[in-house]
1. Is the range 39-51 home to any residue that is in contact (Cβ under 8 Å) with a residue 40 or more places away in the chain and surrounded by 23 or more Cβ atoms within 10 Å (Cβ to Cβ)?
2. What do you reckon, is ARG156 of a type in the set (Lys, Arg) and at pLDDT below 95?
3. Suppose we filter the range 21-38 for residues that are surrounded by 14 or more Cβ atoms within 10 Å (Cβ to Cβ) and part of a helix (DSSP H, G or I); how many remain?
4. Among the residues of the range 122-137, count how many are closer than 24 Å to ALA22 by Cα and exposed (fewer than 14 other Cβ atoms within 10 Å of the Cβ).
5. Among the residues of the range 139-156 satisfying the criterion of being free of Cβ contacts under 8 Å to residues at least 40 places away in the same chain and touching a strand residue (DSSP E or B) at 6+ places or on another chain (Cβ under 7 Å), which is farthest from ARG24 (Cα to Cα)?
6. Name the residue that is least open to solvent (accessible area, probe 1.4 Å), counting only residues in the range 60-92 that are aliphatic (A, V, I, L, M) and more than 20 Å from VAL123 (Cβ to Cβ).
7. Exactly one condition in (1) in contact with a Leu (Cβ under 7 Å, 6 or more places away or on another chain); (2) open to solvent by 30 Å² or more (accessible area, probe 1.4 Å) is not met by ALA109; state its number.
8. Give just the number: which of (1) surrounded by fewer than 21 Cβ atoms within 10 Å (Cβ to Cβ); (2) among the small types (Gly, Ala, Ser); (3) within 16 Å of LEU37 (Cβ to Cβ) does SER119 not satisfy?
Amino acid sequence: MAVAATSQDADSAMMRHALALARRAAEAGEVPVGAVLVKDGAIIGEGWNHPVSGHDPTAHAEIGALRAGAAAVDNYRLVDTTLYVTLEPCVMCAGAIVHARVKRLVFGATDPKTGAAGSVFDVFGSGKVNHLVQVEGGLLAGECGALLRDFFRQRR
């Protein structure tokens, strides 16, 4: 008898996919952050950091995934979606997530310098934005954090 996958299994699988995208960024010399946007169990967008190579300060992993997802559904409103990202979003990305109407955000490692999901700022829990995003942090945080630490250790 087959056992149905749990929501946690699906979340872990999507975060592992985001980690693979983060490794792609690292291989290109970019800060290793990856993001996957999911609707109805299917990936509709993915992204990885590339602001340096793209000469674009907005080329964060989350923005790439949101742009790809919006193109896939032909709508800038990404209702009933979940965004998986390996690092807690910054203020810019948090704002984009709110404006896109993402239902749920799942992130890996916290960002003690620029995190906007509770570490430094709490855009989602401020009560001052017009859309409520369900936020869950810490999924595969050890792996996500290790990837970032290793990247910066090698750069020093």
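1. no
2. It is true that ARG156 is of a type in the set (Lys, Arg) and at pLDDT below 95.
3. Total satisfying the criteria: 6.
4. Summing the residues that are closer than 24 Å to ALA22 by Cα and exposed (fewer than 14 other Cβ atoms within 10 Å of the Cβ) in the range 122-137 gives 2.
5. ALA141
6. Looking at the filtered set, the residue picked out is ALA68.
7. Of (1) in contact with a Leu (Cβ under 7 Å, 6 or more places away or on another chain); (2) open to solvent by 30 Å² or more (accessible area, probe 1.4 Å), only one is false for ALA109: (2).
8. (3)
The values are calculated or read from the model by the stated rules, or taken from the named source; none is laboratory data. If you're wondering where the values come from, they're calculated on a predicted model, not measured in any experiment. Cβ atoms come from the backbone with ideal geometry, glycine included; neighbour counts cover every protein chain shown. Calculation scope for accessible area: heavy atoms of the full protein, side chains included, ligands and nucleic acids excluded. Shrake-Rupley method; radii C 1.70, N 1.55, O 1.52, S 1.80 Å.
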